[in-house]
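Okay, structure first, notes after.
Just so it is clear, none of the values below were taken in a lab; they were calculated from the coordinates. Here the structure is a predicted model, which is why all the values come from computation and not from measurement. Cβ sites come from the backbone with ideal geometry, for glycine too, and all protein chains shown count toward neighbours.
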Amino acid sequence: MDAALWSIPLMAAAVGWVTNWLAIQMSFYPVEYVGVGRWLGWRGVIPRKAEKMAHICIDRTLAQFGDLNAVYHKLEPKRIVEQVVSQVNPRLDEYIDEVMYDIQPVLWDNMPNFMRRRIYQWGREQLPARIESLVEDFGDDLSDLVDLKALLSRELQRHPDLMNRIFQEAGSVELDAVINRGAWIGGLLGLAVAPLWLQYPEPWLLPAAGFGIGFVTNWLAINLIFRPLEPRRFLFWKIQGLFLRRQREISEVWSRLVANELITVEKVADAMINGEHGDRTRAIIQKHLRPMLDHSVVMKLTAQVTIGMTGYTDLKKAMNNKALVATGHVFSDPRFNRERAPVVAAVLCEQMQSLGPAEFQDVLRPAFKEEEFKLMLAGGLLGAIAGLVQFGLINYWP
């Protein structure tokens, strides 16, 4: 085989490598749509389908585990109570001052210090029991208070590159393997084309072969990730889809990143307060804070005498609003979020690892299925251009 013929498998290997690399890049980039109009442009498959993949992941994992309430109990409600009390207690005097200055600034400014100290002490005595009952109540209703899919959608809209980072870290080994195998597959296909070119040196053959090689290597690249579902023996090798073969490791990485980036305690708390069911959350907080005044005869009478019935009602409303603000401060503590993230990750990981191969594939594959043909067509067009260039080099290069 002369140098010109040897260039065919070499070029085919390059096409296989480049088209697989291109397919991977088109899966991730660009993060935002780039193009003219609706049809002439592209956005990475994963950023475009991030919400769908995240929703499927949550459906598969939490549906098997139970619901968000079950995950909440894994977070140890007692530890949550301790966190709330430890965060609120040092600022409780400040919160009481802010509430009183909002509704009765003159009265609070002129109140004797010993009475202020008594009110501060009363608040610290009441706080642990109120927080404990509040946390217990939230645990029973968390699935109804938090729309997890809406939370995921919101976070992925704010950070469109987030799923890229999760996918790239979870599957970095497999993605590199797919790109490298493209060169081998392309080279083998090129070896089959070389004798055909020797017999039929038609101008259209190399561009057509290039299209086929680019198309087929991209098709194989996608299928190498997900097929075959079950391990199969071929001579001395055991073959299974690259992602499926490393289900345990990928589940661990995927779950850890989702727990650290998407389903944090802080973001769930924010969804409870500011999400679709925020009114119910406020009602639960009000239900548990109201007894702080109503069940203390001395405080209730003192408040009603000093600020009147209308002022007493305003006081309870102001306490409720301040509790909502305090909740945001409490769960924004980075240390607490880092500490609780492994618990959420363990729940997701346990369920992802227990999925069968078909179910595990369905967490990731549906997004790609809708775009596979476009990725393969892009590989084919690139291969056809390479074939056309090679035809010119063989026939016209001196």
(request) Just add up the charged neighbours of Gly123: K/R +1, D/E -1, any other residue whose Cβ is under 13 Å from the Cβ of Gly123. (result) +2
(message) Net charge within 9 Å of Pro231 by Cβ-Cβ distance, Lys/Arg positive one each and Asp/Glu negative one each, not counting Pro231 itself?
(response) +3
(request) Consider the candidate values [x] 1.10; [y] 1.44; [z] 1.02; state which one is Cα Rg over 2.2 N^0.38 Å computed from the structure displayed. (result) [y]
(message) Counting only other residues whose beta carbon sits under 12 Å from that of Leu242, what net charge do I get with K and R as +1, D and E as -1?
(response) +1
(message) Show me the ranking of peptides 207-219, 227-239, 22-34, 99-111 by mean Cβ neighbours inside 10 Å, starting with the highest.
(response) 207-219, 22-34, 99-111, 227-239
(request) Might you report the magnitude of the Cβ-based charge dipole of the chain about its Cα centre, with Lys and Arg at +1 and Asp and Glu at -1, to the nearest 20 debye? (result) 280 debye
(request) Name the helices (complete DSSP H segments) of the chain with a Cα length along the long axis of 27 Å or more and a Kyte-Doolittle mean of at least 1.0, or state none. (result) 3-28, 205-226, 372-396
(request) State the answer as a single residue: which of Gln25, Ala177, Trp42 lies farthest towards the positive end of the charge dipole of the chain, with beta carbon charges of +1 for Lys and Arg and -1 for Asp and Glu, about the Cα centre. (result) Ala177
(message) Rg/Rh for the stretch 188-277 to two decimals, with Rh computed the Kirkwood way over all alpha-carbon pairs.
(response) 1.32
(request) Pop the C-beta distance of Lys317 and Val343 into the FRET formula with R0 = 35 Å and round what comes out to the nearest 0.05. (result) 0.50
(request) Provide the gained length on full extension for the span Ser172 to Val36, in nm with one decimal, where the gain is 0.36 nm per separating residue minus the Cα-Cα distance. (result) 45.8 nm
(message) What does the extension gain come out to for Met115 and Glu82, with contour length at 0.36 nm per residue minus their alpha carbon separation?
(response) 9.1 nm
(request) Work out Dmax and Rg for the stretch 127-174 from the C-alpha atoms and quote the Rg first, both in angstrom. (result) 17.4, 52
